[in-house]
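Structure, as structure tokens:
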Amino acid sequence: MRLSEKELEIVEILEKDARTPLEDVAKMAAISVDEAAALLEKLEQSRVIVRYTSAVDWARIDGHEGVTAMIDVKVTPKRGVGFNEVAQRIYRYKEVSSVYLMSGAYDLSVIVEGRSMNEVARFVSEKLSTLDSVLSTTTHFILKKYKHDGTIFDQADEDKRIVVSP
């Protein structure tokens with residue numbers, strides 16, 4: 001789908017902050033609120049804008065630490081459907097938050113979230129690695145999140161005082 005200049009501008013505004021009020025989006029794109037609402041509805045209906053999300057630093061919330069793992073998966077593609085069929089089987093699991101087709105040594109990159117390393121390990125050994133098309137997996141546990149989707153986590157509060165020197 002080819003987007004107009006204004007549609008592209010709206011997408012870029014909302015990608016930076018999905019909570020930007022419609023009135024502000026209209027001002028930033030130099031269009032009327034009604035026009036912005038119509039373009040936004042079109043973008044949602046055509047699934048250019050799929051959903052609105054929040055970036056949450058779960059490490060700051062006691063009792064909600066959880067575990068995230070990136071799993072490299074080598075698969076055998078099926079004739080006629082390629083990697084799509086196995087990717088669909090994988091992303092249907094509730095533990096899976098993302099699946100990407102990759103270039104390089106592995107075919108798919110799967111992001112899995114669980115309450116513990118054992119829960120993720122059980123998912124890999126009992127569900128993921130047992131799929132017919134899966135040849136091998138390599139699991140990488142995320143130890144600390146520094147930046148995600150353009151948002152910097154665990155950023156120390158900057159000292160905003162002006163430096164005065166003699």
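Restricting segment 78-97 to residues that are within 20 Å of the chain's Cα centre (by Cα) and small (Gly, Ala, Ser) leaves a set whose member that is least open to solvent (accessible area, probe 1.4 Å) is ALA87.
Per-residue answers, yes or no, for (1) among the basic types (Lys, Arg); (2) over 22 Å from the mean Cα position of the chain (by Cα); (3) assigned to a loop (DSSP other than H, G, I, E, B):
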position: ARG2; (1), (2), (3): yes, yes, yes
position: GLU9; (1), (2), (3): no, no, no
position: GLU15; (1), (2), (3): no, no, no
position: THR20; (1), (2), (3): no, no, yes
position: ALA26; (1), (2), (3): no, yes, no
position: ASP34; (1), (2), (3): no, yes, no
position: ALA38; (1), (2), (3): no, yes, no
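Name every residue in segment 58-77 that is surrounded by 13 or more Cβ atoms within 10 Å (Cβ to Cβ), in a loop (DSSP other than H, G, I, E, B) and either at pLDDT below 85 or among the charged types (D, E, K, R) (or both), in order of residue number. Scanning segment 58-77 gives a single hit, GLY66. Listed conditions (1) open to solvent by 50 Å² or more (accessible area, probe 1.4 Å); (2) of a type outside the set (Gly, Ala, Ser); (3) not in a helix (DSSP H, G or I) are all met by GLU44, apart from (3).
When segment 106-136 is examined, which residues are found to be hydroxyl-bearing (Ser, Thr, Tyr) and more than 21 Å from the chain's Cα centre (by Cα)?
SER125, SER129, THR130, SER133, SER136
Across segment 125-141, the qualifying residues are those that are part of a loop (DSSP other than H, G, I, E, B) and open to solvent by 70 Å² or more (accessible area, probe 1.4 Å), and the one among them that is nearest to MET70 (Cα to Cα) is THR130.
Scanning segment 102-124 for residues that are open to solvent by 50 Å² or more (accessible area, probe 1.4 Å) and touching a strand residue (DSSP E or B) at 6+ places or on another chain (Cβ under 6 Å) turns up MET102, TYR106, GLU113, MET117.
Quick check: is even one residue across segment 79-88 in contact (Cβ under 8 Å) with a residue 24 or more places away in the chain and among the aliphatic types (A, V, I, L, M)? Scanning segment 79-88, I find at least one residue that is in contact (Cβ under 8 Å) with a residue 24 or more places away in the chain and among the aliphatic types (A, V, I, L, M), so the answer is yes. PHE153 meets the conditions (1) open to solvent by 80 Å² or more (accessible area, probe 1.4 Å); (2) modelled with pLDDT under 95 in every case but one. The failed one is (1). Out of all the residues in segment 78-124, which are acidic (Asp, Glu) and not in a strand (DSSP E or B)? Answer for segment 78-124, where residues must be acidic (Asp, Glu) and not in a strand (DSSP E or B): GLU85, GLU95, ASP107, GLU119.
The values are calculated or read from the model by the stated rules, or taken from the named source; none is laboratory data. On a predicted model such as this, the values are computed, not experimentally measured, just so you know. Neighbour counts run over all protein chains shown; Cβ positions are idealised from the backbone, glycine included. Each accessible area value is taken on the protein alone, full model and side chains, heavy atoms only, with ligands, DNA and RNA left out. Shrake-Rupley method; radii C 1.70, N 1.55, O 1.52, S 1.80 Å.
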